[in-house]
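The next block holds one structure in the form of structure tokens; read it before the comments.
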Amino acid sequence: MQKETIKIAMVGHVDHGKSTLIGRLLIDTDSLPKEKITEIKKLSKELGKEAELAFIVDQLKEEREQAKTIDTTQIFLKIKNNNFVLIDTPGHVELLKNMITGATQADIALLVIDINEGIMEQTKRHLYVLNMVGINSVIVIFNKMDLVDYKKERFNALKSDLLTFLENLNIEPVFIIPVSAKQDVNISKKCYKIAWYKGPSLLEAFGLLKSNTKSIKKSLRFAVQDIYKINNKKIIAGKMLSGILKKNQQVLLLPSNVTVTIKSLNVFGKYNKIKACSGENIGISLNETLPVKRGYILAQKENSPKLSVSFRGNILWLCKEPLKINKTINLRCSTQEVDCIVERIEKRIDSSTLNIIEENAKELRLNEVGLAALKTKKPIVIEKFAFIEELGRFAVGRDHDLIGIGVII
Amino acid sequence: MILSHTLTQFKGNKSRTMNYLDELENKTIYILREAYASFRNITLLWSIGKDSSTLLWISRKAFFGKIPFPIIHIDTTFKFKEIYEFRDIYSKKWGLDLIVSKNKSALKEKINPKKSKLECCNALKTEALKTTLREYGFKALLLAIRRDEHGIRAKERYFSPRTIDFTWNYQDQPLEPWGFYKSTIEDEEHIRIHPMLHWTELDIWKYIKKEKIPMVGLYFAKNCKRYRSIGCQTCCVPIDSNANTTTKIIRELETTKIAERNGRAQDKENSYTMQKLRSLGYM
């Protein structure tokens with residue numbers, strides 16, 4: 001059986017070398033077709049530059065001309081028998097929205113810091129955002145070591161700065177590795193220039209990663225996506241958010257708050273399915289004839305979730321037009337969708353410095369985080385993010401766009 | 001901090017109770033069901049190639065054997081005859097509501113790839129699609145593009161809006177956090193939905209093998225040649241290969257250094273051709 005694929009979000013301040021590092025990894029692991037390398041060399045020449053490793057991921061014309069990553073991209077990488085997906089994300093603050101799109105799909109992050117510049121505004125912001133979206137493990141790369149003559153003192157000084165900053169966050173730096181992506185030092189192989197460093201190279205570190213299999217013993221939650229009528233039979237299609245669901249099991253249907261019995265589990269082409277686990281997208285039918293709609297949740301009777309109209313959470317606002325209190329926005333939590341207002345913004349926080357800008361604020365601006373009290377028009381099923389992620393995280397929207405994300409605390 | 005050579009466990013972002021191919025399939029099913037829940041007026045573009053045939057296969061699973069929306073085949077009239085045969089057999093067998101889309105006026109003017117490939121693709125594929133979408137009033141289009149096919153496609157969202165003139169605003173794409181996708185659009189827009197974005201070419205073949213999905217014979221080697229990517233007969237070149245079974249194709253792909261779309265003419269004319277084609281509404 002094929003091993004798991006680990007998804008790694010590349011984060012860090014602008015120009016610290018994220019895209020260049022991906023280019024280097026692809027070349028060092030021999031992952032690129034020959035014609036691709038020729039194409040990159042030719043293009044770099046046309047733009048009057050030396051061969052630009054970043055062009056491998058910065059594929060848009062505008063990205064190459066402006067030498068910056070505009071949008072997130074994903075690259076597949078195979079190292080020995082391990083599979084990885086590298087998710088490149090933009091470092092510019094105005095592109096935080098695209099960084100979030102990338103980072104929320106990752107299992108772990110790789111933070112790139114320029115040894116000369118140290119911890120910068122987006123370094124801090126990205127770490128804070130990772131912490132908020134539940135990515136608590138980070139591989140840290142101190143890049144451009146060639147510019148400081150591979151000096152150990154510089155490495156130690158930055159390491160101590162970083163560890164001090166991380167004291168306020170629930171993030172563990174699983175590796176801290178000094179490299180030069182450009183000079184190919186400590187990426188795939190070690191180098192005498194940096195003999196004082198005894199840890200693994202970046203590729204070795206990748207090989208040492210193993211994701212913690214989360215227990216499926218968590219309480220059952222199933223989110224209804226849609227209702228289909230197949231050969232006159234009603235099938236409730238939905239996703240197993242957590243736990244296990246079995247045929248004949250008695251479960252709680254929310255928000256109706258009635259007990260129902262699972263008559264059958266339906267998967268096309270599979271007969272007599274008796275059990276479904278977390279992550280599966282299945283169909284079910286019930287013994288009872290009851291109205292069921294998209295957004296309904298099935299839960300285990302013991303340890304059942306809260307049905308609520310008000311809760312507190314951290315919101316990261318990603319829209320130029322500010323979030324104003326008491327203005328209706330749309331909230332999505334798993335397949336649930338409901339109108340809501342932000343009643344209070346208890347704290348308005350700068351997502352880079354983590355400083356409180358204002359208490360009891362009236363609005364939240366682009367890229368700011370607010371500790372907020374929300375009130376929904378109808379009751380919805382929620383959980384703490386730390387307990388069941390999929391019912392503890394939400395997105396907010398207005399008109400046709402999603403413009404913010406949040407986690408329930 | 002761990003700096004030793006021991007396995008480093010980290011807290012994953014999701015539970016892992018399934019194997020890899022099941023995980024890919026389940027994500028695609030979730031996206032298909034989200035797409036249909038948000039946009040009832042939806043269609044799937046079937047080129048009869050391996051990716052869209054796999055998407056079609058998973059759609060049958062997602063909707064319990066009966067796909068509740070029409071399937072479009074864009075017919076440039078330059079496709080391989082095997083493609084037409086396969087289409088006719090399986091659209092009948094699987095009970096598909098098939099729409100064949102052709103740009104009749106361009107074909108009357110005898111547009112063909114010999115003059116300009118860009119012009120030909122644009123007229124016979126993009127323009128044909130535009131007309132069909134307008135005619136039927138489709139708001140959403142399911143497409144089987146994958147991130148690993150092309151760097152420009154790697155920049156795509158799962159749910160990606162297009163303006164009335166089919167423009168892709170790649171400089172300001174929607175926020176797509178966790179499993180939350182764009183669920184409404186402006187009246188004049190349509191949305192491209194990409195449920196296979198996270199699959200690689202190798203994943204596709206492993207899944208074809210596991211599920212025993214029927215595929216067009218062109219993919220399997222005959223006389224030491226096979227097609228790795230199929231489309232119009234005029235613009236596809238076969239590769240040297242002895243892989244005449246899915247198992248052998250998988251083995252071949254595990255070691256190859258040649259890009260998948262190497263046999264496709266259009267990508268090579270200009271480095272930004274794909275970006276240009278896509279911003280005009282190409283798939």
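We did not get these values from a lab; they are worked out from the coordinates using the rules stated. In this text, all values refer to a predicted model and were calculated from it rather than measured experimentally. Every residue, glycine among them, receives a Cβ derived from its backbone with ideal geometry; neighbour counts consider all protein chains shown.
What residue among A:Glu358, A:Glu62, A:Glu390 shows peak mean-square fluctuation when chain A is described by a Gaussian network model with Cα springs under 10 Å?
In this elastic network of chain A, the residue with the biggest mean-square fluctuation among A:Glu358, A:Glu62, A:Glu390 is A:Glu62.
Find the centroid of the Cα atoms in the stretch A:253-310 and in the stretch A:347-409, then give the distance between the two in whole Å.
For the stretch A:253-310 versus the stretch A:347-409, the Cα centre distance is 28 Å.
HN-Hα J couplings of the stretch A:87-94 from phi, Karplus 6.51/-1.76/1.60, θ = phi - 60°, integer Hz, Gly and Pro as x?
9, 6, 10, x, x, 6, 4, 6
List the aspartates and glutamates whose Cα lies under 14 Å from the Cα of B:Lys50, skipping any in the same chain that are fewer than 8 positions away.
Once the sequence-local aspartates and glutamates are set aside, what remains near B:Lys50 is B:Glu82, B:Glu149, B:Glu201, B:Asp203, B:Glu211, B:Glu260.
Among the lysines, which have Cα under 23 Å from the Cα of A:Lys198 when same-chain residues fewer than 8 positions away are ignored?
The reachable lysines, counting only those whose Cα sits under 23 Å from A:Lys198, are A:Lys80, A:Lys144, A:Lys151, A:Lys152, A:Lys159, A:Lys182, A:Lys189, A:Lys190, A:Lys210.
Most mobile of A:Leu290, A:Leu169, A:Leu254 per a Gaussian network model of chain A (Cα springs, under 10 Å)?
For chain A, modelled as a Gaussian network with Cα springs under 10 Å, the answer is A:Leu290.
Quick one: which residues, 5 or more positions from B:Lys79 or on another chain, have an amide H under 5 Å from its amide H? H modelled 1.01 Å from N in the peptide plane, none for Pro or chain starts.
Counting only residues 5 or more places away or on other chains, the set is B:Gln233.
Which percent, to the nearest 5, of DSSP beta bridges fully inside chain B are antiparallel?
Expressed as a percentage, antiparallel bridges in chain B total about 45.
Between B:Arg146, B:Arg251, B:Arg192, which gets the highest mean-square fluctuation from a Gaussian network model of chain B, Cα cutoff 10 Å?
Per the Cα network of chain B with a 10 Å cutoff, B:Arg251 tops the list.
Could you give each residue of the stretch A:398-409 its phi-based ³J(HN,Hα) in whole Hz, using Karplus coefficients 6.51, -1.76, 1.60 with θ = phi - 60°, and x for Gly or Pro?
Here the 3J(HN,Hα) series is 8, 6, 9, 10, 7, 9, x, 10, x, 10, 8, 10 Hz.
So which of B:Lys66/B:Lys210; A:Lys246/B:Lys61; A:Lys78/B:Lys222; B:Lys81/B:Lys125 end up more than 23 Å apart by C-alpha?
Values: B:Lys66/B:Lys210 21 Å; A:Lys246/B:Lys61 20 Å; A:Lys78/B:Lys222 30 Å; B:Lys81/B:Lys125 18 Å.
From the list (B:Lys66/B:Lys210; A:Lys246/B:Lys61; A:Lys78/B:Lys222; B:Lys81/B:Lys125), the Cα-Cα distance tops 23 Å for A:Lys78/B:Lys222.
Against the empirical 2.2 N^0.38 Å scaling, what ratio does the C-alpha Rg of the stretch A:306-408 come to?
Values: Rg = 12.6 Å, N = 103, 2.2 N^0.38 = 12.8 Å.
Normalised Rg, Cα atoms only: 0.98.
Using Cα positions and a limit of under 16 Å, work out the lysines in reach of A:Lys42, with same-chain residues fewer than 8 apart set aside.
Once the sequence-local lysines are set aside, what remains near A:Lys42 is A:Lys34, A:Lys61, B:Lys268.
Do any trypsin sites (Lys or Arg not before Pro) in the stretch A:184-249 lie in a DSSP loop with no more than 10 other beta carbon atoms within 10 Å, and if so, which?
A:Lys198, A:Lys217
Give the long-range amide H neighbours of A:Ile79: residues separated by 5 or more places, or on another chain, with amide H under 5 Å away, using H modelled in the peptide plane at 1.01 Å from N.
Amide H to amide H, under 5 Å and 5 or more residues apart or across chains, A:Ile79 pairs with A:Phe84.
What value, in deg cm²/dmol to 500, does the helix sum -39500 (n - 2.57) over DSSP H runs of n ≥ 4 give at 222 nm once divided by the residues of chain B?
-10000 deg cm²/dmol
At each listed q (0.07 Å⁻¹), what is the log10 of I(q)/I(0) that the Debye formula gives for chain A modelled as equal alpha-carbon point scatterers?
-0.40
Just to confirm my numbers, what's the Cα centroid distance between the stretch B:174-195 and the stretch B:125-161 in Å?
12
Once Lys and Arg get +1 and Asp and Glu get -1 on their Cβ, which of A:Asn272, A:Met120, A:Phe394 lies farthest toward the positive end of the dipole of the protein assembly as shown?
With unit charges placed on the Cβ atoms, the residue in question is A:Asn272.
So how strong a dipole does the stretch A:221-299 carry about its Cα centre when Lys and Arg Cβ are +1 and Asp and Glu Cβ are -1, to the nearest 20 debye?
160
Rounded to the nearest 5, what % of the DSSP beta bridges within the protein assembly as shown are antiparallel ones?
Just about 70 percent of them are antiparallel.
Per residue of the stretch A:178-190, what does 6.51 cos²θ - 1.76 cosθ + 1.60 with θ = phi - 60° give for ³J(HN,Hα)? Whole Hz please, x for Gly and Pro, Karplus curve as stated.
The phi angles translate into x, 9, 10, 5, 5, 8, 6, 10, 6, 8, 9, 9, 7 Hz.
Name the residue farthest towards the positive end of the dipole of chain B from the options B:Met18, B:Ile99, B:Ile250, assuming +1 on Cβ of Lys and Arg, -1 on Cβ of Asp and Glu, about the Cα centre.
Positive-most Cα among the choices belongs to B:Ile250.
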